[in-house]
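The values are calculated or read from the model by the stated rules, or taken from the named source; none is laboratory data. As the structure is a prediction and not an experimental result, all values here were calculated from the model. Every residue, glycine as well, gets a Cβ built from its backbone with ideal geometry; the counts of neighbours run over all protein chains shown. Please note that ligands, DNA and RNA were not included when accessible areas were found on the heavy atoms of the full protein model with its side chains. Shrake-Rupley method; radii C 1.70, N 1.55, O 1.52, S 1.80 Å.
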2 protein chains.
Amino acid sequence: MTGRISDETELIQVYFAPLAAPGGFGLKDDCALIDVAPGHDIVVSTDPIIAGVHFFADDAAADIAWKALAVNVSDLIAKGADPIAYTMALAFPEAPLKTWAQDFSDGMRAAQTAFGCALIGGDTDRTPGPLSISITAFGQVPRGGFIQRNAATVGDHVFVTGSIGDAALGLLARREESVVSALLTASERQGLLRRYLRPAPCLEAVPLIRRFASAALDVSDGLVQDATRLARGAGAGLCLRSETLPFSSAARKIIAAAPQHLKTLVAGGDDYEILFSAAPENRLPIRAMAERDGIAVTEIGVLDGSGCVTVLAANGAPLAIHSGGYDHFRGTQ
Amino acid sequence: MTGRISDETELIQVYFAPLAAPGGFGLKDDCALIDVAPGHDIVVSTDPIIAGVHFFADDAAADIAWKALAVNVSDLIAKGADPIAYTMALAFPEAPLKTWAQDFSDGMRAAQTAFGCALIGGDTDRTPGPLSISITAFGQVPRGGFIQRNAATVGDHVFVTGSIGDAALGLLARREESVVSALLTASERQGLLRRYLRPAPCLEAVPLIRRFASAALDVSDGLVQDATRLARGAGAGLCLRSETLPFSSAARKIIAAAPQHLKTLVAGGDDYEILFSAAPENRLPIRAMAERDGIAVTEIGVLDGSGCVTVLAANGAPLAIHSGGYDHFRGTQ
C-alpha cells in the first residue's frame, strides 16, 4: 500500500465504501436515501472544514477525519438529535497517498462508530485550493422536538457541558506556543492537544437536552460568541463569572500564571460542548439526570435583561471582548 | 450598495435569509429541519462546485449560484425525487462585494423558484483557496420509489432527455475557442453558452422516470462515462450510434465541419440531462407520456451483453475513447 490514489473510483470504493450505510448503496449511486424512524423529524447540519482555516494540513489524517464529523455531530446534539448518517464531499489539492487515505478512512470509522452514524454518500474533486472536507450530517428527533437556538427566555438558567477553553489551549499547544510548554506537564499538553484535534461532542447529553433545554447550540466559535447568540435569541443578556466557568485544572494553571489567557479560554473556539438554557424549576432535575448519566453539566449564569454578555474575571473586573469569538470575515477574535 | 460584505451575519441575514424555507429558522440556527411529506423517503445529493474546476471565477454571480443548485437538482431528478430543500456552505477567498452577493442571491432565488425548493441552512468561511459552493440538496420520493443507478438489466432500452454535448460546446464558447466562433452564429453561440452557464435539469421528467425507469443517473461527466456507469450497473454494454444521439442543430454543424468534435459532444460533461433505462414494453408508453408532458426523450440504444460502451461515428467507425468523461484525479477527458 504505497503511492498515490490513481482515480476517484479507487478512493471511493477501497477507502470509503466500507463505511457506507445501506442508504448509501455502496457509494455507487449519485444520491443517497435517509432512513427516518417513523414519528421523527430529520435535522441537518452542514459545516465544512478547510486546511489552514479549521485544521493544519499536516494534522494526522485520522484526526482530520474525526474532526470533520465531530463538528457536525456537535450541532446535531445541540438540537436534541441522534446522529444517523452523513454525506462527505472532499476536495484535494493533489491525489492523496494511499496511506493517508487509509488513515483518513480509519479515523472516519472511529468517529462514526463513536457517534452512531454512517456514511451515505458524497463526492470527490481536485481543487487548486487547500484540502477541504464538507460533511453534511443528519440526525433525528422525535417529531416537534427540535431544540432551537432562539427559544430561551429571560430568567432561564444557562448550562454548559464538559469544560471550556481546553481546545483553544490545545491550539496554542499545536502551535508550540511557550505559555503552554512553560506552565504545563507533557501529559497536560497532550490532553489539551487531544481536545483540539479530536473534539468529543457529548452524545450522552441528548436525552437531557431533549427533556430540559429551552434553547441550545454548540460552543464552536468561543463561549462568549455562542453565549451571545443564545442570549440574543431571548432578547436577553448574561453575566459569566470566571470562577464559576468549567475550566480544567490545566486551564486554571494557565490563567493563574497568565491571567490574560482568560480571554483565550472564553473567546477561543473549538470547544464543541453544548450550551443550553432551561427554566429555573429544571435546575435540580438537570443536576440529577446529569449525575445519573455521568455527564458533566455546569450552571454558568441566568439570562437577564441587560442585553449583553459580560465576563467577569476572578477580581470582578469585566473582560474586554468586543465581538467575542471568531468571525470568518473579520478574522477577529 | 457598494463595498464589501463586512461580516458573516450581514451576508447571511441580508442576502440569504430571504431565501429560507420555514425549516431554515431564518438561518438563525446551526441546524435545519427537513419537512418530509408522510409516506415519502428523503433523497440526498451533495455536489460542490469550485472556481477554476467547475466554473470560472469571473462567471456572473447569478450564473454560479444557478449552476451550484442545478447540478444537485439534476441528481435528485434522476432518482425520481422532487426537490424540496437545500443547504449551502460557501468558502470565499475574500469578502465578496455587496453587488456580487446580491447577484448571487438573485441567481439562487431564480434557481430555487425554478426547481421548487428553498434554502434551509448553511455555513460561510474564508478560504486560502478558490471560491467554492457546497450544496447538499434534498428531495422526496414516494416510499420505496428511489430509482437506483445499478438496477438496469440486459435488454432494457436506454433513453436520454434533452440534447447532449451542448454544454461541452458552451465551454468551448466560454473559452472563446475558434471552432465555435468560426462555424456558428452569435445566437447559436449564446445558446450553447447558456447551456454551459445555466444548466436546466428536466424537472418535468420526474413523473416519467418514477413510472418507467429501471435505472437512472444524470449525465454530468459526459455521456460515455455516465452510460458506462449505467451499463456496468447492469453488467451490460451499450452501443451508441452518433446519428441517433440527440444533438442540437448547432452541435450537428460543428461535427459536420469538424468531425473530431464528436468526442467533445459525447465525452464532455455538464449536460445535466437524465439517462435512464426501461423495459422494452415501456417504449411506447414512454414516448406517449413524453409527448403528453412536452419532454424531449430520445431512445439511444439497448443494453447488450458486450460489457462495454462504444460510440460509432456516422461512418460506422468506433470512436477511440478510453475511459470516457472526466476523472477529477486523472484529469483526463
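A few notes on this one:
- Counting the residues of region A:9-42 that are among the small types (Gly, Ala, Ser) and assigned to a helix (DSSP H, G or I) gives 4.
- Hits in region A:34-61 - residues which are charged (D, E, K, R) and at the interface with chain B (Cβ under 10 Å from one of its Cβ atoms): A:ASP35, A:ASP41, A:ASP47
- Within region B:1-24, being facing another protein chain (nearest Cβ under 10 Å) and touching a residue at least 60 places away in the same chain (Cβ under 8 Å) holds for B:ARG4, B:ILE5, B:SER6, B:GLU8, B:LEU11, B:GLY23, B:GLY24.
- Filtered residues of region B:269-289 (kept if open to solvent by less than 10 Å² (accessible area, probe 1.4 Å) and within 28 Å of B:LEU171 (Cβ to Cβ)): B:ASP271, B:ILE274, B:LEU275, B:PHE276, B:SER277
- Qualifying residue in region B:69-89 (condition: within 30 Å of A:ALA57 (Cβ to Cβ), aromatic (Phe, Trp, Tyr) and either at pLDDT 95 or above or out of contact with any Leu (no Cβ under 6 Å at 6 or more places or on another chain) (or both)): yes
- All positions within region A:72-105 that are more than 9 Å from chain B (Cβ to nearest Cβ) and of a type in the set (Phe, Trp, Tyr): A:TYR86, A:TRP100, A:PHE104
- B:ALA111 vs. criteria open to solvent by 10 Å² or more (accessible area, probe 1.4 Å) and either assigned to a helix (DSSP H, G or I) or touching an Asp or Glu at 6+ places or on another chain (Cβ under 7 Å) (or both): no
- Test: B:ILE50 is assigned to a strand (DSSP E or B), farther than 24 Å from A:PRO83 by Cβ and under 18 Å from the mean Cα position of the chain (by Cα): yes
- Within region B:228-239, the set of residues being within 14 Å of chain A (Cβ to nearest Cβ) and open to solvent by less than 20 Å² (accessible area, probe 1.4 Å) comprises B:LEU230, B:ALA231.
- All positions within region A:20-63 that are buried (at least 20 other Cβ atoms within 10 Å of the Cβ) and among the aromatic types (Phe, Trp, Tyr): A:PHE25, A:PHE55
- Residue tally, condition farther than 17 Å from B:ALA65 by Cβ and crowded, with 19+ Cβ neighbours inside 10 Å, over region B:1-19: 1
- Of everything listed in (1) at the interface with chain A (Cβ under 9 Å from one of its Cβ atoms); (2) out of contact with any Lys or Arg (no Cβ under 6 Å at 6 or more places or on another chain); (3) of a type in the set (A, V, I, L, M), the single unmet condition for B:ALA111 is (1).
- Note on region A:122-143: residues that are under 22 Å from the mean Cα position of the chain (by Cα) and either more than 7 Å from every other protein chain (Cβ to nearest Cβ) or farther than 16 Å from A:SER74 by Cα (or both) amount to 11.
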